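Heads up, the thing below is written out as structure tokens.
Since every read-out is calculated from the coordinates, none of them should be taken as a lab result. It should be emphasised that the depicted structure is a prediction, and the values quoted were computed from it without experimental measurement. Cβ sites come from the backbone with ideal geometry, for glycine too, and all protein chains shown count toward neighbours.
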Amino acid sequence: MIQRYLTAALAAFFLLAAAPVRADDDPAARVVSDPTLAYRKAFRVEVPPEAWNRILDHPYLMTQLWAHYRFQPAYRVTRSGADLHVVDPSGITGDLRPLPPSDASRAFYGAGSFHHWAIPSFFSAEGVVSFECKPEGGGLTGEAKIFMRGSNGISRLAMRLFSALLLRHIDRRFTSNLNDTKKIIHDIVHDPDRVRKRLAGPLRDDFDRMVAPP
């Protein structure tokens, strides 16, 4: 009983200590300027930057192709306009939206929470992932940046305490997902008809727009 009250008191303390958010605050800018965790990873993809950017401009289509390829984790994704609602089988649920693009970069802002028996429900976080790239040889080189910020004081404290573990998990997940995504991109670039046959209806229309010449 005492332990339960102590846990509740600590939670209340950290939640009340969280900085208030102004109505005019830019959540993506706040995450990037004051992250709880930051991760960077250089990468190379054998695709021209313009094709890479067009692919990143269709995140929902790519999540559906991911499902068609039966890659893991088996994300469940629904969309509302340009926004995506993502359910990760590990227990993370979040919403993702694209940020304004540039010629050399694409970025996304997300906010999510944990739904797992071992993690209290008040653990939540915001994040920004950006991809900056430049042409090199017949493909591109780039850098992925992931910024994460706990949505309240206790989330930020826990993320800092377990930062090494979280960063290792992020690196494993990012590396694995990128390697599988490269397989989809290879097929899109080199055998688009094969990929198109996996799709029907609006998804096929999205694919045709994605691969159409600029």
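Is the stretch 38-204 rounded, prolate or oblate when judged by the Cα gyration tensor, a ≥ b ≥ c being the square roots of its eigenvalues, rounded requiring a/c under 1.5 and prolate requiring a/b larger than b/c?
Prolate.
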(Q) Only counting other Cβ atoms within 10 Å, I'd like Thr36, Thr78, Thr141 sorted with the fewest neighbours first. (A) Thr78, Thr141, Thr36
Q | Simple spin-label estimate for Ala82 and Ala29 in nanometres, 7 Å along Cα-Cβ | A | 1.7
Q: Sequence neighbours fewer than 8 away in the same chain don't count; with that in mind, list the lysines whose C-alpha is under 17 Å from Lys145.
A: Lys41, Lys134
Q.
Can you tally the net charge around Pro100? Count Lys and Arg as +1, Asp and Glu as -1, for every other residue whose Cβ sits under 15 Å from the Cβ of Pro100.
A. -3
Q: Add +1 for every Lys or Arg and -1 for every Asp or Glu among the other residues with Cβ under 13 Å from the Cβ of Ser113, and state the total.
A: -3
